[in-house]
Number of protein chains: 2
Amino acid sequence: MPKRIVVIGGVAAGPSAAAKAKRTNPDCDVVLFEQNEHISYGVCEIPYYIGGDVEQSRLVSNTPAQLRERKGVEVRVLHRVEEILPAKKKLIVRDIALAKLREEPYDRLILATGSRPKRLGVDGEDARSIFIVKALEDAYRLYEYIKSEKPKHAVIIGGGYIGMEMAEALRSRSLDVTILHRHNLPMHGLEKETQEWILRELAMNDVQFIGEATTEGFVVDKLKRVSHVVTKDGSFKTDLVILALGVLPNSEIAQKAGIRIGTTGGIRTDQRQETNCDNIYAAGDCCEVKNLVNDKPSYIPLATIGSKQGWVAGENAAGGSAAFRGAIRSIAVKVFGIEVARVGLSSEEARASGFDVVTESVSAWSKVAMMPGSAKLSITMIADRRTKRLLGVNMIGSDGVVLRANTFAVAIQNKMSISDIQQWDLAYSPPFTPLWDPILVAANATSRKLSKP
Amino acid sequence: MPKRIVVIGGVAAGPSAAAKAKRTNPDCDVVLFEQNEHISYGVCEIPYYIGGDVEQSRLVSNTPAQLRERKGVEVRVLHRVEEILPAKKKLIVRDIALAKLREEPYDRLILATGSRPKRLGVDGEDARSIFIVKALEDAYRLYEYIKSEKPKHAVIIGGGYIGMEMAEALRSRSLDVTILHRHNLPMHGLEKETQEWILRELAMNDVQFIGEATTEGFVVDKLKRVSHVVTKDGSFKTDLVILALGVLPNSEIAQKAGIRIGTTGGIRTDQRQETNCDNIYAAGDCCEVKNLVNDKPSYIPLATIGSKQGWVAGENAAGGSAAFRGAIRSIAVKVFGIEVARVGLSSEEARASGFDVVTESVSAWSKVAMMPGSAKLSITMIADRRTKRLLGVNMIGSDGVVLRANTFAVAIQNKMSISDIQQWDLAYSPPFTPLWDPILVAANATSRKLSKP
């Protein structure tokens, strides 16, 4: 039985793993190292904190003291692990406050080093009016900047889901918002019908969307504030820049220690979240994950996956037995008045995975048409002609989208066919659903399309 | 190939079957007989018509002329089929308007004779202020009665889902409402936690609920209006009575013709919706259905099931090949401000089916706690200790209940275990779901309970 379990990383998967390890084996010492000041906070809530829905005090689930008290985990913030020595079962850790290095032993190690935002790599990117939406420190700084400097114009670089959420947050703070995106439509990876609806919703909410944009640099004033974002096709005046370009796995420290990295750049683990190195586990954004639709390794940095992996890594590191089988990339995002969800593969991914792809889009009412709150939603199904399996779904509309997408997620994850879905016995009541739920309407339409030569 | 397909019954499963038969085989003549005046209407929408959400004109999907024009089905309303002669492949049909009997031939016959409301069998039950919520004629009559006679007090006899919906409808018409129910809690078949929440919601909306009530008769005035409902334990003054006691299958005409009736009283069919008699199919409330949780025949008179069975019967009768595998009893009902859903077996049914039943209840937020619209909901899981299978779920709360229950419905229908559910990769976004969706919270809690001795 392990005596000392060490966890590296304190945002999401790390605290989840540490708490689970201690619960599984209360006799162990569980120690968590985090290089920043804060731990255990909701990155996904940050846009809602900026927008005003979520209070600052609610962003943090556990302070270091609370994680100790409630879960029995020893927490060392401002401690950066600089090297893993698997042969010696030791870590080299920098105590940032004291500016000292020391060795820390472990019996079992859990890597939850997370991810870092992609950068543009252009001049001026360190200006103080450029923000990322990732660490809690960044969020506090952005919040204060908006309060104190009262910016009027914002440019968001990146039209993915963080870009969408930040556009809404900044609009609700009355800023003018321009999104610069390198593709021609927002939210790359969604189907065209879905993307076009999002584009309309952005326009309706006075968000300027510039597609095919390549940022070349920033014009920075003497106060280190960006005055213009310079792109290939013109420059955009601004008081505030948000970089929302996606993330990369923090897997370098693992790689240096001889831990196997997958083709996606994330740490490779088995279903027990164990790496190729004895006694070393990994969980969260630093890992790659098995995509259950095409059975291929994927990089899917999402809190839902990380927290599940954290539990599994924690339980196994503590001597238990748990498995994380994989994921399908289930994503939901609110874009002003609409719900957007994507579960499973995109049609592009499905084709690249070798499926014989058939797509079908339907429009349906969220509830019985005349009931209060009923609204049209759109579903795009991505299916395989040969096996009739459902591979992916896009859904968009102002009502009843995300929770229905989760029902499709179960079908995709369990490799169900369209005809399986057609048989589903779903509850019906006019204030909540039509007699033929949109799920069944979509399955019936896709079935008809699949049966055509 | 059949030349003439005859359908008996025009409410839900019948039009569905007729339209599908014609679509499957356009060369057939498809004829539908209905004894009443109206066809193809939404029984489930009637409470919302009474309450004012749904306009009268929207209750009917297709008039006889429209079913003919849009779907190519010949419709004969006010025609009652009085006998089936399977050996001769003929029907004896009464033309009610002309008061004449005639014979009608068929190649294939589809029975969609539906169900009828249970009655109390006490004196005064035919008073003109007593209403049932079933046929469109009844609904129109009730609507007119409320408009013209302006009743102040209503007694609803029966505290099932129609009773709940009618209580809300009548409260929104400003009537005082008393529900008399033969059990001590509303909505028999739900778990106690769910029932108690419903009871509180009724009280909060000024609905008087009288449990353990046995109606013995009615005091009827000279105008044939009920002035009092008399029960074993007291009498209740009223201007209006709704009977909502549930329904019985209209299977007598089938039984008389030698068609096999199941132990539930409904017509027994195979997965093709074919009866034991050659060329005779059945669909909807007149049938029993295979319960996919315990694999036993059940009587589940719901429009969702009937319309699917109608399609299957129609396709097969017309020479196609389709199957209806069964159902799990998925029910949703709005009770004033709350959503109630039940999918799969009740704990009582599960025990009676021989399962080693474990139940677990959890309370969870519908969205991230601080987001607008987030509300506590309650989930009761019913699982089998031996196989760890999910057998049934109750859910109740003011937000995000019914669509989540439908996700559980998929698990139940596909005989998934609690640990399968724990692995679900569900979409997460603060405005729609918590990081750990209530579905996962419930599965994790149930898993812990199952792992205890």
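If we scan region A:333-344, do we find a residue that is part of a loop (DSSP other than H, G, I, E, B), touching a residue at least 12 places away in the same chain (Cβ under 8 Å) and farther than 21 Å from A:M164 by Cα?
Looking through region A:333-344, none of the residues is part of a loop (DSSP other than H, G, I, E, B), touching a residue at least 12 places away in the same chain (Cβ under 8 Å) and farther than 21 Å from A:M164 by Cα.
Pull up region B:295-306, narrow it to residues that are out of contact with any Phe, Trp or Tyr (no Cβ under 7 Å at 6 or more places or on another chain) and part of a helix (DSSP H, G or I), then point me to the one that is nearest to the other protein chains (Cβ to nearest Cβ).
Among them, the one singled out is B:I305.
Within region A:398-406, identify whether any single residue is in a loop (DSSP other than H, G, I, E, B), outside the structural domain of A:E201 (by TED's automatic domain parsing) and polar (S, T, N, Q), and answer yes or no.
The answer is yes; a qualifying residue exists.
Name the residue that is farthest from A:G326 (Cα to Cα), counting only residues in region A:436-446 that are at the interface with another protein chain (Cβ under 8 Å from one of its Cβ atoms) and crowded, with 22+ Cβ neighbours inside 10 Å.
Ranking the qualifying residues of region A:436-446, first place goes to A:D437.
Just one of (1) more than 14 Å from B:L450 (Cα to Cα); (2) touching a residue at least 24 places away in the same chain (Cβ under 8 Å); (3) more than 9 Å from every other protein chain (Cβ to nearest Cβ); (4) not charged (D, E, K, R) trips up B:A352, so point out which.
(2)
Can you tell me which residue among A:R404, A:R329 is within 11 Å of chain B (Cβ to nearest Cβ), farther than 30 Å from B:Y48 by Cα and in contact (Cβ under 8 Å) with a residue 12 or more places away in the chain?
A:R329
Working carefully through the options A:E165, A:E201, A:E193, find the one that is surrounded by 23 or more Cβ atoms within 10 Å (Cβ to Cβ), assigned to a helix (DSSP H, G or I) and not hydroxyl-bearing (S, T, Y).
The match here is A:E165.
Which one is farthest from the chain's Cα centre (by Cα), of the residues in region B:332-378 that are surrounded by fewer than 16 Cβ atoms within 10 Å (Cβ to Cβ) and on the phi > 0 side of the Ramachandran plot?
In this case the residue turns out to be B:G373.
Need the failing condition index for B:K449 against (1) part of a helix (DSSP H, G or I); (2) more than 7 Å from chain A (Cβ to nearest Cβ); (3) within 29 Å of the chain's Cα centre (by Cα); (4) of a type outside the set (A, V, I, L, M, F, W, C), just the number.
(3)
Exactly one of (1) over 15 Å from A:A317 (Cβ atoms); (2) surrounded by fewer than 20 Cβ atoms within 10 Å (Cβ to Cβ) is unmet by A:K3. Its number?
(1)
Which of the numbered conditions does B:M381 fail, given that it passes all the others? Conditions: (1) at the interface with another protein chain (Cβ under 7 Å from one of its Cβ atoms); (2) buried (at least 24 other Cβ atoms within 10 Å of the Cβ).
Status for B:M381: all satisfied but (1).
Criterion first (charged (D, E, K, R), in contact with a helix residue (DSSP H, G or I) (Cβ under 9 Å, 6 or more places away or on another chain) and over 25 Å from A:P249 (Cα atoms)) does A:R68 satisfy it?
no
Scan region A:145-161 and report the pairs whose first residue is part of a helix (DSSP H, G or I) and whose second residue is among the β-branched types (V, I, T), with Cβ atoms within less than 9 Å and a gap of 6+ or a chain change.
Sorted first by the residue in region A:145-161, then by its partner, the pairs are A:I146/A:I50; A:Y161/A:I331; A:Y161/A:V333; A:Y161/A:V335; A:Y161/A:V340.
Identify all residues within region A:332-341 that are facing chain B (nearest Cβ under 8 Å) and either in contact with a strand residue (DSSP E or B) (Cβ under 7 Å, 6 or more places away or on another chain) or within 19 Å of A:S361 (Cα to Cα) (or both); write none if there are none.
If the condition is that a residue be facing chain B (nearest Cβ under 8 Å) and either in contact with a strand residue (DSSP E or B) (Cβ under 7 Å, 6 or more places away or on another chain) or within 19 Å of A:S361 (Cα to Cα) (or both), then A:A332, A:V333, A:E339, A:A341 are the ones that fit.
Test each condition in (1) touching a Gly at 6+ places or on another chain (Cβ under 7 Å); (2) of a type outside the set (D, E); (3) under 23 Å from A:A369 (Cβ atoms); (4) not assigned by TED's automatic domain parsing to the domain that holds B:A313 for B:G124 and report the one that comes out false.
With respect to (1) touching a Gly at 6+ places or on another chain (Cβ under 7 Å); (2) of a type outside the set (D, E); (3) under 23 Å from A:A369 (Cβ atoms); (4) not assigned by TED's automatic domain parsing to the domain that holds B:A313, B:G124 is out only on (3).
What pairs can you find where one residue is in region B:412-425 and more than 8 Å from chain A (Cβ to nearest Cβ), the other is aromatic (F, W, Y) and buried (at least 20 other Cβ atoms within 10 Å of the Cβ), and their Cβ atoms are less than 9 Å apart, with a gap of 6+ or different chains?
B:I421/B:F408
Among the residues of region B:52-108, write down those that are loosely packed, with under 14 Cβ neighbours inside 10 Å, outside any strand (DSSP E or B) and not basic (K, R).
Within region B:52-108, B:G52, B:E55, B:Q56, B:S57, B:A65, B:E69, B:A87, B:A97, B:L98, B:A99 meet the criteria.
Assess whether B:V30 counts as being out of contact with any helix residue (DSSP H, G or I) (no Cβ under 6 Å at 6 or more places or on another chain) and either in a loop (DSSP other than H, G, I, E, B) or not polar (S, T, N, Q) (or both).
No; evaluated as a whole, the condition is false for this residue.
Is one or more of the residues making up region A:307-329 buried (at least 24 other Cβ atoms within 10 Å of the Cβ), outside the structural domain of A:L32 (by TED's automatic domain parsing) and under 21 Å from A:P117 (Cβ atoms)?
yes
Any residue in region A:309-324 that is farther than 30 Å from A:P2 by Cα, of a type in the set (A, V, I, L, M, F, W, C) and within 11 Å of chain B (Cβ to nearest Cβ)?
Looking through region A:309-324, none of the residues is farther than 30 Å from A:P2 by Cα, of a type in the set (A, V, I, L, M, F, W, C) and within 11 Å of chain B (Cβ to nearest Cβ).
The values are calculated or read from the model by the stated rules, or taken from the named source; none is laboratory data. The shown structure was predicted, so the numbers you read here are calculated from the model rather than taken from an experiment. Glycine gets a Cβ as well: all are built from the backbone with ideal geometry, and neighbour counts include every protein chain shown.
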